[in-house]
């Protein structure tokens, strides 16, 4: 620890580190925006006293968790809440309403800033924020939040991409701030032709950035039964390759389907090399067992957004299957254009209800969903390890904390209360060791970024 720098001990009846068992009467000691100690309150206090380190204690009511990680959102659509407060009959029905509102005048920066505030008040400290309009790209840094701003790329056909689209996206990517992190979001396999889907992952990987795309959100992305062999593609080996769409040199996912091929959108982007451990997807609703196995094989996490799916009129995500199969999952709110709020705990509760209705009966459900809302989101963005790691309470990790008001006295009962009825219970949010929100109100400016990591 650094001599002379103040230490704050955040204590609570229950502390949930995520990478260690929950602690009754626990505490987290914080110095210079980093976690110094985690453990029983008495042990943490003794460690500091034994080292002669003065500290200030901040006792909290309820349960203390790592700051929540919203693994999929569009903060700039916070001003489109009127769209998300309705109910739709499917993806195309919702898209019409979205496009009408999007065409109206919006202050994307101000609306994104409002979304960042709402997120902070709900215990969220890091966000995978998909940015469509450049003026919203600086909001994560300005709000002092962690995560990644993903520049969204969509509606490029092959010819336009090759003539000027590639250069345009490269120029736009240069404008995305690297604080706290930058990435690219190829929107979806149905909104981009093959050429951009092939090249965008290379652009990202050459720069050591991250990928994030919508996948398996719309029903038409699911696997279909092939209509039969396509004329001219009977196969060079005489046994037939009627389902080998990649041999047909198809220009896009939609063209592939129009030709009669039944491959899913997941298999389509996998063949193009999009998936990988540096990529995570949003939604993952229309996924077969084979699709989910592809995600696991590639190390690609999925951010589940159940309340958004329900508003749009989609099926619930197969969360029970993801859990049984050991797929890496995270949780996202999506935006207010398709969700009632930016309270991530409401999506945790929705996933609990869905998992139980789908037959998931294991007793680990509460812990696994809380992990998905914290460590899972950090893992999805590649932020669970390294010098600026988030999503868990461990020595040296960034001091991002969230406190929730729960009445239960035992650890199992507290976890159940959090997961099954956690919305609206955020008491405090701490980002980089600075208390940013208490009881529904912002309390001070964000902490400056930790430049010591860049200098070392």
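The values are calculated or read from the model by the stated rules, or taken from the named source; none is laboratory data. For clarity, every value in this text was computed on a predicted model and none was experimentally measured. Counting neighbours? That spans all protein chains shown, and the Cβs are built from the backbone with ideal geometry, glycine included.
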Checking 436, 432 in turn, the sole residue that is modelled with pLDDT of 95 or more, touching a helix residue (DSSP H, G or I) at 6+ places or on another chain (Cβ under 6 Å), more than 19 Å from residue 346 (Cβ to Cβ) and not assigned by TED's automatic domain parsing to the domain that holds residue 348 turns out to be 436
The lone condition residue 437 fails out of (1) under 24 Å from residue 58 (Cα atoms); (2) within 17 Å of the chain's Cα centre (by Cα) is (2)
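Show me the strands (runs of 3 or more DSSP E) found entirely inside the stretch 14-105 where at least 3 residues are under 23 Å from the mean Cα position of the chain (by Cα) and under 26 Å from residue 381 (Cβ atoms).
Working: elements: 23-31, 34-40, 56-66, 68-73.
Strands (runs of 3 or more DSSP E) meeting the threshold: 56-66, 68-73.
Being touching a strand residue (DSSP E or B) at 6+ places or on another chain (Cβ under 6 Å) and assigned by TED's automatic domain parsing to the domain that holds residue 333: is that true of residue 36 here?
No: the conditions fail for residue 36.
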Residues of the stretch 387-442 being in contact with a strand residue (DSSP E or B) (Cβ under 8 Å, 6 or more places away or on another chain), assigned to a strand (DSSP E or B) and surrounded by fewer than 16 Cβ atoms within 10 Å (Cβ to Cβ), in sequence order, are 442
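Do the conditions hold for residue 320, that is, is it over 21 Å from residue 78 (Cβ atoms), in the same structural domain as residue 288 (by TED's automatic domain parsing) and surrounded by 24 or more Cβ atoms within 10 Å (Cβ to Cβ)?
Details: over 21 Å from residue 78 (Cβ atoms): yes; in the same structural domain as residue 288 (by TED's automatic domain parsing): yes; surrounded by 24 or more Cβ atoms within 10 Å (Cβ to Cβ): no.
So residue 320 does not fit the description; no.
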Considering the stretch 108-138, residues that are in a strand (DSSP E or B) and touching a helix residue (DSSP H, G or I) at 6+ places or on another chain (Cβ under 8 Å), and then whichever is farthest from residue 435 (Cα to Cα), we arrive at 131
Contact list, first residue from the stretch 37-59 and more than 20 Å from residue 21 (Cα to Cα), second anywhere and exposed (fewer than 11 other Cβ atoms within 10 Å of the Cβ), beta-carbon distance below 9 Å, six or more apart or interchain, is 48/54; 53/3
Residue hits (the stretch 172-202; surrounded by fewer than 16 Cβ atoms within 10 Å (Cβ to Cβ) and at pLDDT below 95) are 174, 175, 177, 178, 179
Those residues of the stretch 372-388 which are over 24 Å from residue 355 (Cα atoms) and touching a helix residue (DSSP H, G or I) at 6+ places or on another chain (Cβ under 7 Å) amount to 384, 387, 388
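Quick one: which helices (runs of 4 or more DSSP H) sit completely within the stretch 253-348 and have at least 1 residues that are touching a residue at least 60 places away in the same chain (Cβ under 8 Å) and within 21 Å of residue 370 (Cα to Cα)? Can you show your working first?
Details: elements: 253-258, 265-271, 289-298, 306-312, 319-325.
Here the list reads 306-312.
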Out of (1) buried (at least 18 other Cβ atoms within 10 Å of the Cβ); (2) farther than 27 Å from residue 366 by Cα, the one residue 38 does not meet is (2)
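Can you find even one residue in the stretch 349-356 that is in contact with a strand residue (DSSP E or B) (Cβ under 7 Å, 6 or more places away or on another chain) and either crowded, with 24+ Cβ neighbours inside 10 Å or in contact (Cβ under 8 Å) with a residue 40 or more places away in the chain (or both)?
Yes, the conditions are met somewhere in the stretch 349-356.
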